[in-house]
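Structure first, then comments.
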Amino acid sequence: MHGKTLHIVLLLALATTVQAQKADGKKNKIEDQVLSEIQVTGRRSTMKLKVDRKEFDVASMITTAGQTASEVLENIPSIEVDNDGNVSLRGNSSVEVWINGRASGLTSDNRAQILQQLPAESIERIEVIDNPSAKFSAEGSAGIINIVLKKERKSGYYGSMQAGADTRGGANTSFNINYNSSKLDAYFNIGYRHRENVGRNESTQDNIANGIPVSYERHFTEETRRGNMLFARTGLTWHATDKDDFSVNGMLFTGKNKGYSSTPYYYGAYTAAGEVMERIRQRDSYSGGPMNMYNVEFNYRHNFTDKHFIDFIVSHNRWSSDNDNIYQDYIHYMDETLPSSSSYQSRPLDINNHRTEVRADYENPLTEHLKLEAGYNGSFSRENTPQYSYEADNWDGMNLAEDQDYFNRFTYDNNVHALYTTLSYNKDKFGLMAGLRGEYWRIETESLNWAQEHGTTTKDSPFKKDYFELFPSVFMSYQLTPTQQLQLNYTRRLRRPWGGELNSFRNTSDASIISFGNPELTPEYSSSFSLNYLKQWDMHSLLVSAYYRPTTDVIQRINYRSQSDNLMYRTPMNVAKSTSTGIELTGKSKIGRALDLTTNVNAYYYKLDAFDYDIEGQTVSGKAQDNFTWNARIIAAVTLPYDFSIQASGRYNSRRVITQGHRPASYGLDLGVKKNFFNRKLVLSVNCRDVLNSRKWESYTSSDSFDRYQQNRRGSRRVNFTATWNFGNQSGLKKKQERQQAEDDDSDTMGGYEM
């Protein structure tokens with residue numbers, strides 16, 4: 001019922017936006033102005049539209065107050081975050097997530113954990129770049145999500161203090177201060193967060209022989225997670241001369257997480273008399289340990305002129321997470337002639353990786369209409385992660401002994417060198433930018449067992465491979481009228497397999513399925529085409545994007561039941577080719593003086609070719625699948641008298657195809673209220689996340705040997721209370737806001753792509 005209701009609300013809101021655009025487009029006089037960006041009169045806009053990207057102002061998103069970066073991303077149109085913190089864009093998980101325009105320590109292995117800790121109050125805006133040019137990394141076939149952290153640039157000093165709590169037992173506090181002068185800019189931010197969370201997972205699987213279910217496996221998990229995290233940022237910029245700037249920036253995460261889960265697994269058979277339960281396996285799991293990450297960056301910029309400069313950046317980051325994983329198992333057979341048993345397993349996992357990046361960017365306007373950009377980007381990363389194993393044949397873990405069969409040391413080196421150049425030409429109504437990026441990268445990975453680690457057997461040769469690929473990009477734009485723009489884009493992009501996907505070690509932490517990586521994985525490559533139309537009325541705007549993205553060597557996780565031991569396994573494979581074709585509509589409307597409405601609808605057709613693979617002497621296959629999928633997001637903000645603001649954020653995702661199955665439709669709703677006091681020095685916010693208690697991830701997968709249903713919930717309805725106190729150069733801040741408001745009133749325009 002809730003899903004149908006939200007579905008209707010989303011469609012009505014979209015219809016309201018389109019009708020308002022038509023009405024206002026007829027009666028409003030369009031001024032002769034160049035498209036630059038959207039701003040909403042009388043309000044700080046939640047979203048700015050540009051052809052090459054969308055920008056979302058986090059400070060104006062009331063529903064995210066007191067939350068994390070992961071929860072902020074859940075409220076951004078076209079972005080999805082699953083229950084494990086994995087991010088996808090337009091239904092594609094091959095997306096890069098950056099902080100301040102660089103990886104900044106985020107990798108595919110640690111990204112979910114960092115985003116679940118990064119406080120929302122430290123974020124200025126989110127940029128969604130769905131078709132990046134050759135200037136950007138080719139990684140991420142779906143595009144780039146850039147998280148821009150706050151860094152005030154007002155004269156004098158300005159800061160804020162914030163504290164909050166939620167109804168699940170979580171709490172957070174932070175302090176932020178900035179100082180700027182003609183010679184020095186400095187900032188410092190520190191925050192502490194305590195999180196409490198509960199979740200539930202369930203799985204039902206039927207094992208099939210000759211088309212008939214013969215046995216079943218079911219489990220139900222209740223889990224509790226909590227953690228404490230300290231986050232700090234600081235930076236200093238020295239304006240040495242009118243042309244030279246030197247900057248040093250640093251970012252730090254440190255804290256500890258822990259979790260507990262209890263899972264009964266039920267195993268049985270289907271007989272002529274009905275279901276017969278054979279055994280129950282009770283597993284209690286404990287996990288936790290310290291987590292640390294730091295990123296240090298040095299930047300030098302020399303300005304020959306305002307638009308002619310060279311920028312040089314060196315950064316280094318390190319990530320470590322020492323996890324103590326404990327599993328207690330008790331197995332009870334329904335047949336009383338079979339003895340019950342118990343076991344205790346301790347499997348510490350120490351994740352260690354570091355990365356150094358070197359970047360140089362050069363920009364030069366050669367003529368009035370022609371601009372050159374060129375640069376180099378080098379990334380050098382290494383992971384060294386050992387897992388140890390100890391076990392005992394009892395529930396309490398007495399007399400632990402090392403279990404050599406489950407020892408593993410995984411190392412992974414990935415070095416990337418990239419050169420790029422772009423030429424941009426703009427004259428009158430026409431713009432053209434053509435670019436070429438060349439990337440050479442080399443990977444080396446090794447997965448050692450206990451005997452190889454201790455030198456009692458010969459090590460296998462490390463898996464090594466190097467690649468060189470070219471990634472062209474072309475952007476063409478034409479200014480149809482002062483308020484309309486058309487653009488055609490093409491880029492080539494890729495997704496590289498990440499560290500954990502290449503580790504062949506067999507992970508049995510989930511008693512229902514054994515997971516392992518595949519060192520033979522190769523990158524998947526995408527050609528991304530998009531056609532964008534941008535239209536603006538006085539109080540409304542519309543961006544229509546049609547896109548087509550064929551992909552080869554698609555990386556997907558496949559499930560199969562082994563014929564040798566009858567157990568379930570999961571591993572990533574380069575399965576087949578896929579095609580994604582869609583259209584995305586993003587509307588922005590200011591209705592009256594009170595309502596600000598942002599509507600996003602993304603509809604696309606996805607096709608995945610059939611595949612057959614031989615794994616361990618048996619054939620694992622997947623049927624060709626195709627599906628039409630759509631999703632919608634609406635953000636509605638209302639300004640009320642007495643400095644009250646209300647915001648609602650709703651989403652709906654239709655049924656979608658996945659490898660060997662599908663995910664059913666889902667929906668969600670968040671609400672927030674904000675009140676300003678003392679000329680905005682004090683701000684109080686209350687928001688409710690998951691008002692309908694509907695956030696869950698479900699999947700159905702099947703093959704000739706099994707049918708499997710899974711449901712995951714992490715968290716549930718939660719109410720956050722947040723108080724913020726602003727101090728410092730308030731007069732300077734007020735003047736800046738007034739200037740910005742005047743600019744908004746004078747030029748409420750939509751952004752085009754600047755070549």
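Tell me, please, whether a residue that is modelled with pLDDT under 95, closer than 29 Å to SER215 by Cβ, open to solvent by 40 Å² or more (accessible area, probe 1.4 Å) and aliphatic (A, V, I, L, M) can be found in the stretch 337-346. Yes. Only one entry in TYR547, TYR569 is out of contact with any Pro (no Cβ under 6 Å at 6 or more places or on another chain), more than 21 Å from GLU501 (Cβ to Cβ), among the aromatic types (Phe, Trp, Tyr) and buried (at least 18 other Cβ atoms within 10 Å of the Cβ), namely TYR547. Quick one: in the stretch 547-562, which of the residues that are assigned to a strand (DSSP E or B) and without any contact (Cβ under 8 Å) to a residue 40 or more places away in the chain is nearest to PHE516 (Cα to Cα)? So, considering only residues that are assigned to a strand (DSSP E or B) and without any contact (Cβ under 8 Å) to a residue 40 or more places away in the chain, the one nearest to PHE516 (Cα to Cα) is THR552. Annotation note: Cβ proximity below 8 Å between a residue of the stretch 391-416 that is under 30 Å from SER379 (Cβ atoms) and part of a loop (DSSP other than H, G, I, E, B) and a residue that is open to solvent by 60 Å² or more (accessible area, probe 1.4 Å) and basic (Lys, Arg) (sequence gap 6+ or interchain) occurs for no pair. Being open to solvent by less than 30 Å² (accessible area, probe 1.4 Å), touching a residue at least 60 places away in the same chain (Cβ under 8 Å) and farther than 26 Å from TYR525 by Cα is true for just one of SER141, SER122, SER137. Which residue is that? On inspection, the qualifying residue turns out to be SER122. Only residues that are open to solvent by 70 Å² or more (accessible area, probe 1.4 Å), more than 30 Å from LEU502 (Cα to Cα) and not acidic (Asp, Glu) were counted in the stretch 389-413, giving 4. Is the stretch 285-306 home to any residue that is among the aromatic types (Phe, Trp, Tyr) and surrounded by 15 or more Cβ atoms within 10 Å (Cβ to Cβ)? Yes: the stretch 285-306 contains one or more residues that are among the aromatic types (Phe, Trp, Tyr) and surrounded by 15 or more Cβ atoms within 10 Å (Cβ to Cβ).
Restricting GLN660, GLN711 to those that are closer than 18 Å to VAL81 by Cβ, more than 20 Å from the chain's Cα centre (by Cα) and in contact (Cβ under 8 Å) with a residue 40 or more places away in the chain reduces the list to GLN711.
For TYR642, the conditions (1) closer than 27 Å to ARG680 by Cα; (2) in a strand (DSSP E or B) all hold with the exception of (2). Going by the conditions given, is ASP322 surrounded by fewer than 16 Cβ atoms within 10 Å (Cβ to Cβ) and modelled with pLDDT under 95? Answer is yes for this residue.
Restricting attention to the stretch 418-461, the residues being open to solvent by less than 80 Å² (accessible area, probe 1.4 Å), assigned to a loop (DSSP other than H, G, I, E, B) and closer than 30 Å to GLU368 by Cα number 0. For the stretch 459-490, the set of residues classified as free of Cβ contacts under 8 Å to residues at least 60 places away in the same chain, hydroxyl-bearing (Ser, Thr, Tyr) and more than 19 Å from LYS135 (Cβ to Cβ) consists of SER461, TYR467, TYR478, listed by residue number.
If we scan the stretch 234-255, do we find a residue that is farther than 30 Å from LEU115 by Cβ, small (Gly, Ala, Ser) and open to solvent by 70 Å² or more (accessible area, probe 1.4 Å)? No, the stretch 234-255 contains no residue that is farther than 30 Å from LEU115 by Cβ, small (Gly, Ala, Ser) and open to solvent by 70 Å² or more (accessible area, probe 1.4 Å).
Number of residues in the stretch 44-72 that are touching an Asp or Glu at 6+ places or on another chain (Cβ under 8 Å), at pLDDT below 85 and either part of a loop (DSSP other than H, G, I, E, B) or within 20 Å of LEU671 (Cβ to Cβ) (or both): the value is 11.
Residue count for the stretch 287-314 satisfying the condition of being modelled with pLDDT of 95 or more and among the hydroxyl-bearing types (Ser, Thr, Tyr): 1.
Out of SER515, SER530, one residue alone is farther than 30 Å from ARG283 by Cα, among the small types (Gly, Ala, Ser), crowded, with 18+ Cβ neighbours inside 10 Å and under 24 Å from the mean Cα position of the chain (by Cα). It is SER530. Considered as a group, the residues in the stretch 510-534 that are in contact (Cβ under 8 Å) with a residue 60 or more places away in the chain and assigned to a strand (DSSP E or B) include one that is nearest to ASP596 (Cα to Cα), and that residue is LEU534. Of all residues in the stretch 159-174, those satisfying the criterion of being in a strand (DSSP E or B) and either open to solvent by less than 70 Å² (accessible area, probe 1.4 Å) or in contact with a helix residue (DSSP H, G or I) (Cβ under 8 Å, 6 or more places away or on another chain) (or both) are GLY159, SER160, GLN162, ALA163, GLY164, ALA165, ASP166, ALA171, ASN172, THR173, SER174. Exactly one of these conditions fails for THR579: (1) in contact with a Leu (Cβ under 9 Å, 6 or more places away or on another chain); (2) among the hydroxyl-bearing types (Ser, Thr, Tyr); (3) modelled with pLDDT under 90. Give me its number. Status for THR579: all satisfied but (3).
Checking LEU684, LEU692 one by one, the residue that is modelled with pLDDT of 90 or more and assigned to a strand (DSSP E or B) is LEU684 and no other.
Kindly indicate whether any position in the stretch 462-471 is buried (at least 17 other Cβ atoms within 10 Å of the Cβ) and either in contact with a Ser or Thr (Cβ under 9 Å, 6 or more places away or on another chain) or not small (Gly, Ala, Ser) (or both). Within the stretch 462-471, one or more residues are buried (at least 17 other Cβ atoms within 10 Å of the Cβ) and either in contact with a Ser or Thr (Cβ under 9 Å, 6 or more places away or on another chain) or not small (Gly, Ala, Ser) (or both).
For every residue, the table says whether it meets (1) among the β-branched types (Val, Ile, Thr); (2) open to solvent by less than 30 Å² (accessible area, probe 1.4 Å); (3) closer than 16 Å to ILE79 by Cβ.
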{"site": "ARG656", "(1), (2), (3)": "no, yes, yes"}
{"site": "TYR667", "(1), (2), (3)": "no, no, yes"}
{"site": "PHE678", "(1), (2), (3)": "no, no, no"}
{"site": "LEU682", "(1), (2), (3)": "no, no, no"}
{"site": "ASP690", "(1), (2), (3)": "no, yes, no"}
{"site": "ASN693", "(1), (2), (3)": "no, no, no"}
{"site": "LYS696", "(1), (2), (3)": "no, no, no"}
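The values are calculated or read from the model by the stated rules, or taken from the named source; none is laboratory data. Predicted, not measured: the structure shown is a model, and the values here were computed from it. Cβ atoms come from the backbone with ideal geometry, glycine included; neighbour counts cover every protein chain shown. What goes into the accessible areas is simple: the full protein's heavy atoms, side chains included, and nothing from ligands, DNA or RNA. Shrake-Rupley method; radii C 1.70, N 1.55, O 1.52, S 1.80 Å.
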